[in-house]
Each structure stands twice: as C-alpha cells, then as structure tokens.
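As structure tokens, the structure follows; a few thoughts come after it.
The values are calculated or read from the model by the stated rules, or taken from the named source; none is laboratory data. What you see is a predicted model; the values in this text were computed from it and never measured. Because the Cβ atoms are built from the backbone with ideal geometry, glycine has one as well, and the counts that use them run over all protein chains shown.
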Amino acid sequence: MSAAGAHDEFGGEGSQDGADRPALDAGLAERYADQLQLPGWGEQAQVEIARLTAFVVGAGALGSAAAAYLVGAGIGRLAVVDGGQIAIAEMPRQLLHFTPEVGMGKADSAAAKLSLLNPEVHVDPFPADVTADNADVILMDADVVLDCSSRAAVRLLVNDACVGSGTPFASAATGGYDGAYMVVRPRDTACCRCLGDGVDGPGFGLPSRSAAGVYGPTTGVIGSLMAHAAIAILLGATDPGAGLLRRFDGATGEWSAARPSRRPDCICANGSVAGNV
Ligand SMILES: [Zn+2]
C-alpha cells in the first residue's frame, strides 16, 4: 500500500511551510483552488492524492458519482471496472452516460467523460466483469477499492480480494428509496462477509431493485459518500465510521447505522489478516 501516513484529517499538513513544501504549478493551483482552502487539505494532500490509485467496480449510478468526485479531486489514477453496457432504463441515475450512448460499454463511456472532467488524472477503463478468477489480479494495484456494483455476488468477490490483500475498500448498494454502504479496513474492522449470508449473500438488507426500483438521488448520496470514504482512506484520515454499516432512507432522509462484529469464523478473522489485528 502506498497510502499516506496518519493525519488528523485530510492531509493534516496543508498549511505547512518549509523547504520541502510541495509546489503545485499555476494550472493545478487554479484547478484545485477551492479544495485547497479546506482545513487539513492543502498542497501536501493534493500532491499525496495524485500519487494514489482507486478502483471503482461498477460504472453505473453509484460509480458515476464516486468516480466523478475522485477524478475531480485529482486522484492520480482511477480504474473503472465494468463489463456491462449502457441501458436506457438507467438514464435517470447513471450520470456519466448519455442517451446517444445506449448499448455502448460502460467502462469506456465512463472513462471518456472522466478524462474530460480532469485530464490530469490517468483513467483506465477495464471493460470486464469481476469474477472469482480475475478479482485478485484486477484489483491488485489499488490503494482503495470502491464496490459500486450494488450486486451481492460482486460484493463478496471484491470483499474477499481486498481482505486477502489488506486493501481498504467500501461497498454499497441501493434499492427502492434506500441505500447503504460500509467502509472496511481489513485489519481493523468486520468485513462484508461478517454480515452473514442472506438468500444471495450480504445484501445490506435493502429492497430488491427488481421489486422496488431504484431512486436516482439516493444513488448520488451514497456514491458521493463512497468518494468521501476513499479520500479519507487515501489521505490517511481517521474515520470513526469505518466498520459501520450505514443505511439511508431516501424517502424520509433518515440515517441509521450498525457496527457488525467480526465473526470468528470469517475470512477476515483468520490467517494472515487476523495476525495483523
Ligand atoms: Zn469478515
């Protein structure tokens, strides 16, 4: 892992002075001027995040929001993993894809928009589905992984690959008006498998999309918080919410949270991972 060391919040050294102070050129200073003013961000954090890599699995609604904020913020490299094609029924929520592109591959479509959003970021499209055979290889270069697939089967694949490699990640899902996400730090928190298996694996207890539909703004809320979680991880910020399963009721605007316990028989609690707890 090449994530930055511990800081109180984003970067934590943004106002530092001294000979080793990193310098942004005038173009970058202008591009990032607003976020450089944030407490604890500053040039140090901006330079640090430009050295790091995030993988976004799923270039749909959650992935559109998460990837756009990470690329906008100036992450060094962002990989977009999605083997699917754009569908007209997804237009209300998948903001990186446009109606004339229905039928095109999502990974390439997302990468094209993201590169226009911020040409300073290296954007890699991976037009492939994550499978048991390729998850470890695809995700091996990540400093942080965001599972934006909203699919329980993919959630388990990403979970297992990241737990195995010790890579911090966040997983999310939406259904109906509801959304949920969980930030996992494999050596410190429970993982998604600790939630227990439902009919089709850990689904975060949300209504099924086939039965309840999907509310676009909820996907934006959850996807944006996925980007926030990734930024916190990349910049070494303390995140008291790590390990919490947070759920948002988009109909009422109310949040709830639970902290699942690490199951002693889970993959995150044995072998090399447990040895680092
Ligand atoms: Zn676990």
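Among the residues of the range 235-253, is there at least one that is of a type in the set (Val, Ile, Thr) and touching a strand residue (DSSP E or B) at 6+ places or on another chain (Cβ under 7 Å)? Explain how you work it out, then say what you get.
Our first condition is that a residue be of a type in the set (Val, Ile, Thr); within the range 235-253, this holds for 238, 252.
Filter again for touching a strand residue (DSSP E or B) at 6+ places or on another chain (Cβ under 7 Å), leaving none.
No: the range 235-253 contains no residue that is of a type in the set (Val, Ile, Thr) and touching a strand residue (DSSP E or B) at 6+ places or on another chain (Cβ under 7 Å).
Of the residues making up the range 130-159, those that are charged (D, E, K, R), within 15 Å of the ligand (Cβ to nearest atom) and modelled with pLDDT of 95 or more number 1. Restricting attention to the range 237-261, the residues that are part of a loop (DSSP other than H, G, I, E, B), at pLDDT 90 or above and surrounded by 17 or more Cβ atoms within 10 Å (Cβ to Cβ) total 5.
Within the range 155-175, the presence of a residue that is farther than 22 Å from Ala79 by Cβ and surrounded by fewer than 21 Cβ atoms within 10 Å (Cβ to Cβ) is excluded. Annotation: of all residues in the range 160-193 being assigned to a loop (DSSP other than H, G, I, E, B) and within 12 Å of the ligand (Cβ to nearest atom), the one that is nearest to Ser210 (Cα to Cα) is Cys191. A search for C-beta distances below 7 Å between a residue of the range 176-194 that is touching a residue at least 24 places away in the same chain (Cβ under 8 Å) and any residue that is charged (D, E, K, R) and within 14 Å of the ligand (Cβ to nearest atom), counting only pairs 6+ apart in sequence or on different chains, returns Ala190/Arg262; Cys192/Arg155; Cys194/Arg262; Cys194/Arg263. Of the residues in the range 216-232, none is within 16 Å of the ligand (Cβ to nearest atom) and in contact with an Asp or Glu (Cβ under 8 Å, 6 or more places away or on another chain).
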